[in-house]
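**Student:** Submitted below is the structure of interest, expressed as structure tokens.
None of the figures in this text is laboratory data; all of them are computed from the coordinates on show. If you're wondering where the values come from, they're calculated on a predicted model, not measured in any experiment. Because the Cβ atoms are built from the backbone with ideal geometry, glycine has one as well, and the counts that use them run over all protein chains shown.
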Amino acid sequence: MKSTVYVAENCLATLIASCLEVPHKEAGGFLIGKEDKRFVAGERIGCLTLDAAYPIRTCRSGKGFWQPANTRAYKRIIGTIKAIGFNIVGEYHSHIANVAELSDDDKEFIEQEIKDLAKDEVGITSWIEMVLNIEPKTYSRKPRRGCQCSYFSKEIRCTVKGIREPLKGYSITIGTYWFDPKTSSYEEAVVHVP
Ligand SMILES: [Zn+2]
């Protein structure tokens with residue numbers, strides 16, 4: 001049932017800006033969303049809609065890693081968002097010129113994180129982890145317009161391509177994974193972007 005994730009427009013914009021602000025370092029943060037119904041490929045389906053992304057500032061990151069550096073700040077954010085009636089449904093982080101898949105370190109980190117949150121009765125029953133792989137691209141010919149953005153939806157992962165300078169741009173592939181804390185298992189979700 002929870003297999004489709006729909007990324008709302010402003011959430012997508014924040015995700016891209018957050019990941020490209022410092023393109024040589026991984027970035028990450030929380031995903032805020034809700035169970036919803038959306039038109040996807042002409043059909044109204046139940047899905048998890050991601051309404052907003054919050055880039056976490058108290059983090060440690062480098063070319064091959066990203067993690068929150070202040071657990072108290074982290075829990076304060078989750079508690080506050082919940083208190084005003086929204087839900088943190090997961091987390092995102094970027095990969096630099098890699099793949100949009102969870103590494104073994106990522107999985108270990110997520111499992112520990114959920115255990116820590118469970119201890120504090122934050123009430124996490126399921127969690128999604130989004131991986132955005134950032135590939136800097138140099139294009140060989142000038143595009144017709146100075147700025148060209150197009151979205152290509154694959155069956156599961158999405159790739160967002162944007163050209164910001166005449167011959168330079170980025171290709172961002174988004175992979176999203178459900179984590180079930182009961183079974184410690186992951187399942188890749190279908191991602192849709194507007
Ligand atoms: Zn990772």
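**Student:** Residue separation times 0.36 nm, minus the C-alpha to C-alpha distance between residue 187 and residue 97: what's the value?
**Tutor:** Difference between extended and current length: 30.1 nm.
**Student:** Let me ask something additional. With no solvent and one point on each alpha carbon, what is the Debye value of log10 I(q)/I(0) for the stretch 48-131 at q = 0.17, 0.20 Å⁻¹?
**Tutor:** Log10 of I(q)/I(0), two decimals: -0.74, -1.05.
**Student:** If exposed means no more than 15 neighbouring beta carbons inside 10 Å and the site is in a DSSP loop, what's the longest run of the chain without any exposed GluC sites (Glu not before Pro)?
**Tutor:** Details: sites that count: 101, 121, 155.
Excluding the exposed sites themselves, the longest stretch runs over 1-100.
**Student:** Continuing with the same structure: Using the Cα atoms of the chain, I'd like the radius of gyration and the largest Cα-Cα distance, Dmax, both in angstrom.
**Tutor:** Looking at the chain, its Cα Rg and Dmax stand at 16.7, 55 Å.
**Student:** On a 0 to 90 degree scale, rounded to 10, what angle separates helix 71-83 from the longest Cα axis of the chain?
**Tutor:** Relative to the chain, helix 71-83 is tipped by roughly 90 degrees.
**Student:** Mind putting together the pair-distance distribution for the stretch 1-69? All Cα pairs, 10 Å bins, whole percent per bin, short to long.
**Tutor:** So the P(r) values, bin by bin, are 21, 40, 27, 12, 0.
**Student:** Extending each Cα 7 Å along its Cβ direction at residue 25 and residue 115, get the distance between those two points in nm, one decimal.
**Tutor:** 2.9 nm
**Student:** Pairs of alpha-carbon atoms within less than 8 angstrom and 6+ residues apart define the contacts here; what relative contact order does the chain have, in percent?
**Tutor:** Working: 404 pairs, mean separation 42.3, N = 194.
Dividing the mean separation by the residue count of the chain yields 22 percent.
**Student:** Neighbouring Cβ atoms within 10 Å as the yardstick, rank 139, 170, 74 fewest first.
**Tutor:** 139, 170, 74
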